[in-house]
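Worksheet for the structure shown next.
The values are calculated or read from the model by the stated rules, or taken from the named source; none is laboratory data. As the structure is a prediction and not an experimental result, all values here were calculated from the model. Here Cβ is always computed from backbone atoms with ideal geometry, including for glycine, and neighbour counts include all displayed protein chains. Only protein heavy atoms, including side chains, enter the accessible area calculation; ligands, DNA and RNA are left aside. Shrake-Rupley method; radii C 1.70, N 1.55, O 1.52, S 1.80 Å.
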Amino acid sequence: MEGVWCESSVSAVFLGDVVSRGIMLDGIFEKRPLELLETEIFPRLPRDSIALDVGANIGNHCRFFVPHFSKVIAFEPHPMTATALKANTIRETNDGRVRIFAVGLSDTSGKVDFCFDRSNIGASRIVSSGNESSTQVEVTTLDSLIDDLDPSKVSFIKIDVEGHESKVIGGAIDFLSKSDAIVATEGWYKTYPHIGQHVESLLSSLGYKHFYIPAEQRFKNKFLNRITRPIRRYEPLHLDKISSFVGKDFDMVICSKLDLNKMPILRHEES
């Protein structure tokens, strides 16, 4: 049987790592959520705008974002992961489409303790106190970058920081008050309800009133639900609007100041 070549989203990966393994098996990690952003979110955003990738890891999402924006600015605090990110985006960095800050974002600037998970690098995180396996990394605030980065030009912000979301947003109050950027954040807020309450409270105070999650197609016929379950990983997702994300775990929550259904389609992505 003739083989099918699948180009990977990135080439520099880590053996034994969850994200890297997903890329090696499928060509890209979290394909369906990214395709949902591509079809439902990005067409509503100006093509000449900027995306921020907070917690960029090795660059899987960053490289996916590149064709849809004039520039992607990526933040990754761990030196080893940031090195892989730079290797994976060297072409885009050289032509100005990607800019990398080898720091994390938080509500303060300085050095913090960071726990590096070698089996799941995406689960590496800032911790409140050091231990034998932690190291120190540099962090800054998004507000401190306002002079260097115009908030009005930023239309999309992805945040994947393993429980540090409230700190990132807390350090971006001024920035987000001057921007209408859509925020897509990972949130394990059933596991950590106090973080979810703080994140939602902060975003709501900044005008974020509309929340959405990627959802699978559900059929009224229970039999169809059963027979389609094995192939759901290949079916496209759709957006479900929710009133609150407090007390629930989500791979992605999309937060917007405007109702997405009322936002016009500004561009049609090429197939």
Of the numbered conditions (1) in a helix (DSSP H, G or I); (2) surrounded by fewer than 22 Cβ atoms within 10 Å (Cβ to Cβ); (3) at pLDDT below 95, Ser20 satisfies every one except a single condition; which is it? (2)
Which residue is surrounded by the most Cβ atoms within 10 Å (Cβ to Cβ), if the candidates are limited to segment 50-73 and must be β-branched (Val, Ile, Thr) and touching a residue at least 60 places away in the same chain (Cβ under 8 Å)? Ile58
Given the structure, is Val161 open to solvent by 10 Å² or more (accessible area, probe 1.4 Å), in contact (Cβ under 8 Å) with a residue 60 or more places away in the chain, of a type in the set (Val, Ile, Thr) and closer than 29 Å to Pro67 by Cβ? yes
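Yes or no: Ile28 modelled with pLDDT of 95 or more, under 29 Å from Ser166 (Cα atoms) and surrounded by fewer than 22 Cβ atoms within 10 Å (Cβ to Cβ)? It would help to see each step written out before you state the result.
Working: modelled with pLDDT of 95 or more: no; under 29 Å from Ser166 (Cα atoms): yes; surrounded by fewer than 22 Cβ atoms within 10 Å (Cβ to Cβ): yes.
Taking the combined requirement at face value, the residue does not satisfy it.
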If I filter segment 222-243 for residues that are modelled with pLDDT of 80 or more, of a type in the set (Phe, Trp, Tyr) and either outside any loop (DSSP other than H, G, I, E, B) or under 25 Å from Phe156 (Cα atoms) (or both), do I get at least one hit? no
Take Ile58 and decide whether it is farther than 29 Å from Asp143 by Cβ and among the hydrophobic types (A, V, I, L, M, F, W, C). no
Out of the residues in segment 32-49 that are open to solvent by 70 Å² or more (accessible area, probe 1.4 Å) and not in a helix (DSSP H, G or I), which is nearest to Glu216 (Cα to Cα)? Arg47
Within segment 154-201, which residues are β-branched (Val, Ile, Thr) and under 18 Å from Glu30 (Cβ atoms)? Ile157, Ile159, Val161, Ile182, Val183, Thr185
Among the residues of segment 29-73, write down those that are β-branched (Val, Ile, Thr) and closer than 25 Å to Ala123 by Cα. Val54, Ile58, Val66, Val72, Ile73
Filter segment 74-109 for residues that are more than 30 Å from Ser128 (Cα to Cα) and of a type in the set (Asp, Glu); the one that is surrounded by the fewest Cβ atoms within 10 Å (Cβ to Cβ) is Asp95
Out of (1) open to solvent by 20 Å² or more (accessible area, probe 1.4 Å); (2) assigned to a helix (DSSP H, G or I), what's the single condition that is false for Leu15? (2)
Every listed condition ((1) open to solvent by 20 Å² or more (accessible area, probe 1.4 Å); (2) touching a residue at least 40 places away in the same chain (Cβ under 8 Å)) holds for Ser152 save (2)
Please verify whether segment 85-94 includes one or more residues that are within 29 Å of Pro264 (Cα to Cα) and of a type in the set (S, T, N, Q). no
Does segment 112-123 contain at least one residue that is open to solvent by 20 Å² or more (accessible area, probe 1.4 Å), touching a Ser or Thr at 6+ places or on another chain (Cβ under 7 Å) and at pLDDT 95 or above? no
Of the residues in segment 245-268, those that are of a type in the set (D, E, K, R), farther than 26 Å from Val19 by Cα and in a loop (DSSP other than H, G, I, E, B) come to Lys257, Asp259, Arg267
